[in-house]
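Structure record follows, encoded as structure tokens.
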Amino acid sequence: MTDAMLKSRRLVLMGLGGLGASSLAGCVTGAASAPALAVPTPRFIVPPLAPMNLRADRITRMTVCLRPFRAAGPRIEAERIGDKRVVHNYGHGGSGWSLSWGSAQLVRDLAMQGGTTDIAVIGCGALGLTAATTLQRAGAKVTIYAADRLPQTRSARATGTWTPSSRIADENKVDAGFPDLWEKMARASWARHQTYVGQPGEPVAFLDRYILSDTAPPSGSSSEPSGPPAPPSSNPAITASTPPPPPGVIRFADYEGRLRDITPRSHALTPDQHPFPVASARQTSNMQFNIAELGHRLMADFIAEGGRIEQRTFNTPADLATLTQPVVVNCTGYGARALFGDDSIVPVRGQMTWLPPQPEVRYSLYYNGVGLISRPDGIGVQALRGGDMFGYGLDNESADRAEAEAAIERAAPLFAKAFSA
């Protein structure tokens with residue numbers, strides 16, 4: 001390196017050093033200077049809840065479903081009728097969609113006993129489609145015979161939420177082994193439904209659910225009690241000291257405590273954690289069925305995998321003789337009462353009122369005796385005041401406009417401020 005180059009390099013370094021010193025001089029403070037401002041810790045952003053637009057003049061449709069309640073629980077058994085072996089799969093109360101896959105596994109084992117693979121399924125609702133699919137994937141050749149396809153069945157009018165214990169049985173009428181059987185069905189269904197979570201069209205999804213009340217909770221009850229699942233063959237909601245129900249009131253079985261290890265728990269919210277004008281709020285996550293998409297997917301998959309659906313009406317058990325299959329799986333739901341003369345089936349009427357879809361609403365809630373649910377096909381409003389006995393014994397499938405408007409009126413105050421001028 002020449003002398004000229006060395007001299008030039010020294011000048012550059014000296015200039016940089018002076019620049020650094022002058023820059024640092026502005027940062028030097030005396031001992032009495034104010035402390036540096038604290039940098040706030042970044043916070044998670046909680047998405048706001050979009051309000052539901054609840055007005056009676058926005059009603060688009062009203063639907064009624066008759067839940068097939070049997071005091072002894074669902075009928076899942078085989079019997080001989082003429083030259084057919086008939087496997088019954090009906091009477092699931094308000095738990096049809098929830099328990100469908102687990103029930104289908106029990107049906108598969110009964111229907112394929114002895115190696116039979118040519119099987120007919122009658123009924124194209126939730127239980128019929130899942131039974132047919134399960135049989136098909138076990139190697140059977142399956143044909144569904146039904147008067148209607150799923151969009152026209154009672155299954156299409158269901159609420160569409162995970163309710164595996166809804167009106168499933170009378171606690172006092174089930175046999176000792178039923179709670180274990182229920183748990184087997186529920187766990188199998190829970191696992192199978194989750195294979196549809198995250199798929200295009202959201203056939204099954206998990207959404208937040210809020211349980212709201214105008215009454216403040218008792219002191220110290222900020223969270224759900226925790227602990228191990230209920231012991232076998234016991235109902236966690238009933239103890240030896242529980243008084244019997246009034247005459248004519250059924251003690252509906254409730255076994256959901258058996259699933260506490262796999263289902264989300266609810267927790268209390270403080271007033272600054274939610275926008276609802278109530279004294280008490282809890283939040284959980286709940287599995288939800290987009291029935292239109294899920295039903296379409298089930299039918300499309302069944303047909304794509306070689307299944308057939310034929311329109312057929314059956315008026316008496318003798319009509320089953322017209323089928324060529326030696327095994328018939330009966331998934332006719334409430335229809336089994338008339339078709340098979342099963343008076344043990346009691347209708348429990350349930351009405352849904354639908355408002356236009358609000359894609360921005362991604363939650364459901366319960367408040368003031370009303371259930372609200374957001375699905376891609378609309379905002380559903382359901383009157384639930386009166387508990388599980390509400391609608392018991394009623395077989396009227398005509399919609400009640402007054403019931404619909406009253407339910408909307410009871411829930412609308414939750415969102416009044418959001419839509420006020």
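Ser285 falls short on exactly one of the conditions (1) part of a strand (DSSP E or B); (2) in contact with a Leu (Cβ under 8 Å, 6 or more places away or on another chain); (3) under 13 Å from Arg149 (Cβ atoms), and that condition is (3). The single condition from (1) out of contact with any Lys or Arg (no Cβ under 8 Å at 6 or more places or on another chain); (2) closer than 30 Å to Pro74 by Cα; (3) surrounded by 15 or more Cβ atoms within 10 Å (Cβ to Cβ) that Ser398 fails is (3). Selection within the stretch 136-162: residues that are closer than 15 Å to Gln311 by Cβ and not hydroxyl-bearing (Ser, Thr, Tyr). The member of this set that is surrounded by the most Cβ atoms within 10 Å (Cβ to Cβ) is Ile144. Does Gly94 satisfy the condition of being at pLDDT 95 or above and either not basic (Lys, Arg) or not in a strand (DSSP E or B) (or both)? So Gly94 fits the description; yes. Does Trp101 satisfy the condition of being part of a helix (DSSP H, G or I), farther than 12 Å from Val327 by Cα, touching a Lys or Arg at 6+ places or on another chain (Cβ under 6 Å) and not hydroxyl-bearing (Ser, Thr, Tyr)? The answer is yes for Trp101. Within the stretch 269-287, can one find any residue that is crowded, with 20+ Cβ neighbours inside 10 Å and closer than 29 Å to Arg70 by Cα? Scanning the stretch 269-287, I find at least one residue that is crowded, with 20+ Cβ neighbours inside 10 Å and closer than 29 Å to Arg70 by Cα, so the answer is yes.
Going by what's in this entry, would Val346 be described as surrounded by 16 or more Cβ atoms within 10 Å (Cβ to Cβ) and under 21 Å from Ala253 (Cβ atoms)? For Val346, the condition - surrounded by 16 or more Cβ atoms within 10 Å (Cβ to Cβ) and under 21 Å from Ala253 (Cβ atoms) - is met. Of all the criteria given as (1) surrounded by fewer than 18 Cβ atoms within 10 Å (Cβ to Cβ); (2) in contact with a His (Cβ under 7 Å, 6 or more places away or on another chain), the one not satisfied by Asn330 is (1).
Within the stretch 93-135, if we keep just the residues that are farther than 25 Å from Phe178 by Cβ and free of Cβ contacts under 8 Å to residues at least 40 places away in the same chain, the residue that is surrounded by the fewest Cβ atoms within 10 Å (Cβ to Cβ) turns out to be Gly115. The single condition from (1) in contact with a Leu (Cβ under 7 Å, 6 or more places away or on another chain); (2) in a loop (DSSP other than H, G, I, E, B) that Val142 fails is (2). Within the stretch 145-167, can you find the residues that are touching a Cys at 6+ places or on another chain (Cβ under 8 Å), under 30 Å from Tyr255 (Cα atoms) and part of a loop (DSSP other than H, G, I, E, B)? Within the stretch 145-167, Thr153, Ala158 qualify. Just need a number here: residues in the stretch 60-91 that are farther than 15 Å from Gly128 by Cβ, buried (at least 17 other Cβ atoms within 10 Å of the Cβ) and of a type in the set (D, E, K, R). Qualifying residue count for the region: 4.
For the condition in contact with a Ser or Thr (Cβ under 9 Å, 6 or more places away or on another chain), touching a residue at least 40 places away in the same chain (Cβ under 8 Å), of a type outside the set (S, T, N, Q) and part of a strand (DSSP E or B), Asp180 does not qualify. Going through (1) more than 15 Å from the chain's Cα centre (by Cα); (2) under 24 Å from Thr63 (Cβ atoms); (3) β-branched (Val, Ile, Thr) one by one, Val327 falls short only on (2). Out of curiosity, is Ala188 small (Gly, Ala, Ser) and part of a loop (DSSP other than H, G, I, E, B)? Criteria not met by Ala188.
The values are calculated or read from the model by the stated rules, or taken from the named source; none is laboratory data. Note that the structure is predicted; figures quoted are calculated from it, not measured. Positions of Cβ are generated from backbone atoms using ideal geometry, with glycine treated the same way; all protein chains shown enter the neighbour counts.
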